[in-house]
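Reading through the structure tokens given below for one structure.
The values are calculated or read from the model by the stated rules, or taken from the named source; none is laboratory data. Everything quoted here is computed from the prediction, not taken from an experiment. Note: ideal-geometry Cβ built from the backbone for every residue, glycine included; neighbour counts use all protein chains shown.
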Amino acid sequence: MKRLFPNIASVVLAALALLLSSRPCFGARPKVRTVTAFVHLDRTQYRAQVDAALKMLRAAKSAFEKDGYEVETLRITTQPFPEIVKGLTTAQALSFFREYDQLAQKEGLDLDIGGAMMRDSDDPAEAELLAKIIAATEKINGFVVVADDSGIHWNGIHAAARVIQQLAASTPHSEGNFRFAAGAFPPAVAPFFPVSHTPGVGHTFAVGLESANIVQEVFGSEHKGQNLAAMSERLTVALGLEAKKAEAIAQGIAAQSGWTYEGIDLTPVPLRDISMGAAMESLLQDQIGSPGSLAAAFAITSAVRRVPVKQAGYSGLMLPVLEDSVLAKRWESGAIGRDALMSYSSVCSTGLDAIPLPGDVSEHELENILTDLASLAVKWHKPLSARLLPVTGKHAGDMTEFSSPYLVNIKIR
């Protein structure tokens, strides 16, 4: 009997695929949010390494566009940055990363320089340097590790809270924190930022899809009343149809370029009105935050994990509050808060992503928030991250004034 279940599942999925592929209402194509190259950077020859990565990335962009996809960003992720600048003074390290950032601006790249304090015994000066690098650049992202197999990183939590405060105070509109996160159990070769790094030799790449629009269509009004299990299966098939196409293109890029393909992060990331909040509310037939929201988060994550392609990064459900117009409104109104997002994180990879906070939040309060997240990650042995955005000079009731096209402006709670 055990051998029959996979076959039955395959038959069901194949039948659903045939049904969905014949229905024009599922014709939306996701954007490719990113093609990310993973490079083990050598500062003595980094320009040649960037040139090689750009050749592959631009070929990838052309291949996806030829097949009808819109490609939003091209990115490069490195090993943790302390390895890159080992032996340099702070001034020399900052000079190198400013130069690296200027190259990225010229070439239209986004950059991640990996983590600081990958071990809790690492020097907190690494985190201080990361804050200075992010504040001095426009394209560079990074993170501090706050938990892993060894447990909670108490020193990392303290250092991450200090970085958050420093970036809030030292960057325009406090937006530097959009490029920084505290990361627990950071996944290797994750194409989405800021929690991205490569522990290996590089010369690999991964793809991240912006597929919240597919989730919106699958959970649309036509299918209201179906149970969560049925809707989750429909989502698996709909995502699978696009993922298979994207994977075939990526495999072709790998064959032509010699770069190793690491997989697709199928997390259905939103972008403002392409909203995961709206999709979940269609599924719930109620506001997110109402009973059933945790079950909906589990159903979506389960659907993503079942898609039969090579997966990379988080591949779950993320709910970045300020990147999603519906989530931003629900946060502003109090329908969802930190406790709700943390509870959803027990069944998905939500964490606390793009959360606006008053500018006078204390370092101790930030540490407590990060400790909660790290504790949950350790309990369930899973990747989670926190991207917290205190806004200097702003208080509860004030409007944010972010300039990033990725962020929605709302009143701070």
Test of understanding: among Leu271, Leu317, which residue is more than 30 Å from His203 (Cβ to Cβ) and either under 16 Å from the mean Cα position of the chain (by Cα) or among the small types (Gly, Ala, Ser) (or both)? Leu317
Confirm whether Thr90 is closer than 27 Å to Ala184 by Cα, out of contact with any strand residue (DSSP E or B) (no Cβ under 6 Å at 6 or more places or on another chain) and at pLDDT 95 or above. yes
Scan the range 362-372 and tell me whether some residue there is among the aliphatic types (A, V, I, L, M) and either in a loop (DSSP other than H, G, I, E, B) or closer than 17 Å to Pro270 by Cβ (or both). no
How many of the residues making up the range 346-361 are outside any strand (DSSP E or B), of a type in the set (A, V, I, L, M, F, W, C) and more than 17 Å from the chain's Cα centre (by Cα)? 1
Cβ pairs under 7 Å, 6+ apart, first in the range 47-69 and closer than 17 Å to Thr204 by Cα, second assigned to a loop (DSSP other than H, G, I, E, B): Gln49/Leu41; Gln49/Asp42; Met56/Trp259
Given the options Leu294, Leu235, name the one that is free of Cβ contacts under 8 Å to residues at least 60 places away in the same chain and either of a type outside the set (Ser, Thr, Tyr) or surrounded by fewer than 22 Cβ atoms within 10 Å (Cβ to Cβ) (or both). Leu294
Residues satisfying the stated conditions in the range 73-111, i.e. without any contact (Cβ under 8 Å) to a residue 24 or more places away in the chain, assigned to a helix (DSSP H, G or I) and over 26 Å from the mean Cα position of the chain (by Cα): Ala91, Gln92, Ser95
Please work out which one of (1) under 21 Å from Lys61 (Cβ atoms); (2) in contact (Cβ under 8 Å) with a residue 24 or more places away in the chain is the condition Gln251 fails and give its number. (2)
In the range 136-188, residue farthest from Leu111 (Cα to Cα) [restricted to those that are surrounded by fewer than 19 Cβ atoms within 10 Å (Cβ to Cβ) and among the hydroxyl-bearing types (Ser, Thr, Tyr)]: Ser150
(1) among the hydroxyl-bearing types (Ser, Thr, Tyr); (2) under 22 Å from Ala136 (Cβ atoms); (3) surrounded by fewer than 18 Cβ atoms within 10 Å (Cβ to Cβ) all hold for Ser62 apart from (2)
Answer yes if at least one residue in the range 297-312 is without any contact (Cβ under 8 Å) to a residue 24 or more places away in the chain and either aromatic (Phe, Trp, Tyr) or over 26 Å from Met56 (Cβ atoms) (or both), and no otherwise. yes
Filter result (aliphatic (A, V, I, L, M) and under 21 Å from Glu281 (Cα atoms)) within the range 208-263: Ala212, Ile214, Val215, Val218, Leu228, Ala229, Ala230, Met231, Leu235, Val237, Ala238, Leu239
Could you grab me the full set of residues in the range 180-210 that are of a type in the set (A, V, I, L, M) and closer than 19 Å to Val50 by Cβ? Val189, Val201, Ala206
